[in-house]
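S.K.: One structure is given below, represented as structure tokens, and several questions about it will come after.
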Amino acid sequence: MVGSDWRGMMIAAQAGNGGAYRRLLEEVGVWLRRYYRRRLPPSMVDDAAQDALIAIHQKRHTYDPARPFEPWLAAIARYKWIDRLRALKRAPSEALSLDIEVEDHGSAVVSATVLDALLRGLKPTQSAVIRLVKIQGYSIEEAAQHTGQSISLVKVNIHRGLARLAKELEKGDHADG
Amino acid sequence: MDDFLGRLVSDLEPVRRRRPHVEALVLALLCLAELALWLALNQARPNLMGVALTTPTFWWKLASSGLIAGLGAATAINSLDPAVSPRRGLIWIAIAFVAYLIVGAFTDGRFDRIDILQRLDWRDGVECLEKVVLLSAPAMTALGVFMRNGAPAHREETALAAGIAAAAWAAFVFSFGCPHDDPLYIGVWYTLACALSASIARVLLPWFARW
């Protein structure tokens, strides 16, 4: 997880050393993007990494030099990841445009694999509609037709499924770097 | 990305590290000041020195609420470090709570259903609810400020621990003025009052301490 002395750099940053801080943020930024690439859709990776860097900046006084740096960083990364998942739950479901640029297939495959493993923990009726609406971009109505569920049941299953997913993630240890 | 990092670096200033023991000390001083004020306002029960101090259930409610307040405060303050989960602390609080109920049941020994309503004394019980919620406000506010300054990665659980700490401390303070030593009364009303305070903290503090 760590290539150089992140702990030392953070201690220097807490004392106001800008050079050490810049190097730390650059290296941590790379690690964060790799972390989120495995857990989020590619379009969310950069925003999530920036969010986490802002959190690190604002909460740098909470790092205790007597403890290792990596668990502190991983906890912040995980916290911001769960925040993103909650935002995903709140976001309206929209059909995907056909003009969307497709790139970075490798990370998308990894994200899909992780998401697939997580969705398998849900009820089939919940995971089916989450896959259709949140991942494949179908509308609520299309997902209802596809699965034979009513429109309101699709909405309920998406809401409950994502809530359960967020809860499981908070309980579980899916966050290891 | 370079611009973004540049902005963060240009905003860098030396920081004073969070010191959990200072937070614990501030909280302890605030709580002791509240207790002193409560007693100074002549809120202590009239028979505190004569009867209460020789009654086992008085010590039971005092020890239980003090223990749970301590566990809750330690759990909440520790979990302001994002790498520390409050779950183990919450489990200990649950164990302490079960022990409190078991000891109370053994201390009671009376199972006469007829006078249960009399024993519950709902007028005093409602007053107990109001006062415990009110008395929990200072500690809850302090813990909320610490939460905002810290980085709790499990906001809801940390808020719950903070609420339990504040509520249990409020029950501790209120014990000195509460004329009831009946385990049934204490088990019902103190538990309800603490649950209400802890629920308020569980709802309000995560929102206040969002980061």
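The values are calculated or read from the model by the stated rules, or taken from the named source; none is laboratory data. Quick caveat: nothing in here was measured; it's all calculated off a predicted structure. Positions of Cβ are generated from backbone atoms using ideal geometry, with glycine treated the same way; all protein chains shown enter the neighbour counts.
S.K.: Which residues, counting only those in segment B:1-37, are surrounded by 14 or more Cβ atoms within 10 Å (Cβ to Cβ) and farther than 23 Å from A:His61 by Cα?
M.R.: B:Leu30, B:Cys31, B:Glu34, B:Leu35
S.K.: Do we find that B:Thr191 is under 30 Å from B:Arg17 (Cα atoms), out of contact with any Pro (no Cβ under 6 Å at 6 or more places or on another chain), part of a helix (DSSP H, G or I) and of a type in the set (Ser, Thr, Tyr) in this structure?
M.R.: On the way: under 30 Å from B:Arg17 (Cα atoms): no; out of contact with any Pro (no Cβ under 6 Å at 6 or more places or on another chain): yes; part of a helix (DSSP H, G or I): yes; of a type in the set (Ser, Thr, Tyr): yes.
Here the answer is no, as B:Thr191 does not meet what is asked.
S.K.: Restricting the search to segment B:1-27, which residues are more than 14 Å from every other protein chain (Cβ to nearest Cβ) and touching a residue at least 40 places away in the same chain (Cβ under 8 Å)? Even if it seems obvious, please write down each step before you answer.
M.R.: Filtering segment B:1-27 down to residues more than 14 Å from every other protein chain (Cβ to nearest Cβ) leaves B:24-27.
Hits for segment B:1-27 are B:Ala24, B:Val26, B:Leu27.
S.K.: While we're on this one: On the basis of being more than 9 Å from chain A (Cβ to nearest Cβ) and either out of contact with any strand residue (DSSP E or B) (no Cβ under 8 Å at 6 or more places or on another chain) or surrounded by 14 or more Cβ atoms within 10 Å (Cβ to Cβ) (or both), does B:Arg45 make the cut?
M.R.: On the way: more than 9 Å from chain A (Cβ to nearest Cβ): yes; either out of contact with any strand residue (DSSP E or B) (no Cβ under 8 Å at 6 or more places or on another chain) or surrounded by 14 or more Cβ atoms within 10 Å (Cβ to Cβ) (or both): yes.
Considered against the rule, which asks whether it is more than 9 Å from chain A (Cβ to nearest Cβ) and either out of contact with any strand residue (DSSP E or B) (no Cβ under 8 Å at 6 or more places or on another chain) or surrounded by 14 or more Cβ atoms within 10 Å (Cβ to Cβ) (or both), B:Arg45 comes out as yes.
S.K.: Starting from residues that are over 26 Å from B:Val22 (Cβ atoms), aliphatic (A, V, I, L, M) and more than 8 Å from every other protein chain (Cβ to nearest Cβ), keep the ones in segment A:44-80 and report whichever is surrounded by the fewest Cβ atoms within 10 Å (Cβ to Cβ).
M.R.: A:Met44
S.K.: Need at least 3 residues that are under 15 Å from B:Tyr185 (Cβ atoms) and not aliphatic (A, V, I, L, M) per element, so show me which helices (runs of 4 or more DSSP H) inside segment B:83-163 make the cut, counting only ones lying wholly within it. Step through it out loud before you land on a result.
M.R.: Numbers: elements: B:87-108, B:116-120, B:122-135, B:137-149.
It comes to B:87-108, B:122-135.
S.K.: Right, something else. Do we find that A:Leu25 is facing chain B (nearest Cβ under 9 Å) and either in a helix (DSSP H, G or I) or closer than 25 Å to B:Asn78 by Cβ (or both) in this structure?
M.R.: Details: facing chain B (nearest Cβ under 9 Å): yes; either in a helix (DSSP H, G or I) or closer than 25 Å to B:Asn78 by Cβ (or both): yes.
Yes.
S.K.: Please verify whether segment A:68-76 includes one or more residues that are farther than 20 Å from B:Asp11 by Cβ, under 18 Å from the mean Cα position of the chain (by Cα), β-branched (Val, Ile, Thr) and at pLDDT 90 or above.
M.R.: no
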